[in-house]
Structure formats: structure tokens, C-alpha cells
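Asker: Before we start, here is the structure in question, set down as C-alpha cells.
No value in this document is a laboratory result; all are computed from the given coordinates. Nothing here was measured: the structure is a model prediction, and the numbers come from that model. Cβ sites come from the backbone with ideal geometry, for glycine too, and all protein chains shown count toward neighbours.
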Amino acid sequence: MFRGSKLIIGGALALVGSVAFAHHSFAMFDNTKETTLDGEIKDFQWTNPHIWIQVNVKGPDGKLTEWSIEGGSPNGLKRSGWTKKSLNTGDKIVMKIHPLKDGSAGGSFMSAMVNGKPLGRSEQRAPAAGEEAK
């Protein structure tokens, strides 16, 4: 009976661990490429497990495109100097991201200048989605 209990507990832990790991897949981002966005904050979502930044970017044709950018965890970003009020609707932003592999308007946050100032602590790059603060 003791051996059976170990197997059940071990199986349950393996299942929970694989689900947690699957959540943190960032395979959809092309980490070999960097894209710079120059736009305006539409929305900032300070939510777990990762923050989201909606940015309106004007293309060469004058058309606005809304980009969805995934960032790190609020806890990790807070250690890098961010707060839930770091970004506000209407703020001007120049942001570096790893774009989505499928070419759609989205990506993983790398760094940013907001209203001409570095976001977070200037001496430290904020953690991207899937990274921990150092």
C-alpha cells in the first residue's frame, strides 16, 4: 500500500509540474530578432502571471496597428523598479521587443523608453516574459 501511494503522489506531481512548465512556453516569440515599436500606450495590464502592454503604432501608410506585448511577472518587474502606474494611457513609448514568429502584431518585451525616460531602473534591463529579475 505504501508503494502505491508513492506512485500516485509521484504521478500527480509529474502532472502538475508539466502543466506549470507548459504555461511558461515562449516558443511563439522569435528571440533571434528584435523589433522597435514607436507608438502610444493604449492599455497597461498589471496582471499575473505576466503584464500586457497594448501599444498603438502608426505605420508608414498612416494606419494605426495595435500591438500586444507580453512582459514579465509583476513581482519580477517590481524588483526592477516598475509599478502598476509605470505606464499610462497616452504615454509615448519606444519599445524593443522579440516579435511573434507568425508575423502578427505582438511580441515579448525587452526594453523601453517612456516619454523619453528609461522604464524601470535605467541601469538594469527589465525582465522579459519568462525571465526572472537579477
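Asker: Could you tally the net charge around Gly106, taking each other residue with its Cβ under 15 Å from the Cβ of Gly106, Lys/Arg +1 and Asp/Glu -1?
Answerer: -2
Asker: Net charge within 13 Å of Asp38 by Cβ-Cβ distance, Lys/Arg positive one each and Asp/Glu negative one each, not counting Asp38 itself?
Answerer: Residues near Asp38 contribute +1 overall.
Asker: Looking at the range 47-96, which trypsin sites (Lys or Arg not before Pro) are in a loop (DSSP not H, G, I, E or B) and have at most 15 other Cβ atoms within 10 Å?
Answerer: Those that pass, being in a loop and sparsely packed, are Lys63, Lys84, Lys85.
Asker: Under 16 Å Cα-Cα from Lys42, which lysines qualify once same-chain neighbours fewer than 8 residues away are excluded?
Answerer: The qualifying lysines are Lys58, Lys63, Lys84, Lys85, Lys92.
Asker: In nm, to one decimal, how far is the Glu66 label point from the Glu40 one, both placed 7 Å along Cα→Cβ?
Answerer: Using points 7 Å along Cα→Cβ, the separation is 1.5 nm.
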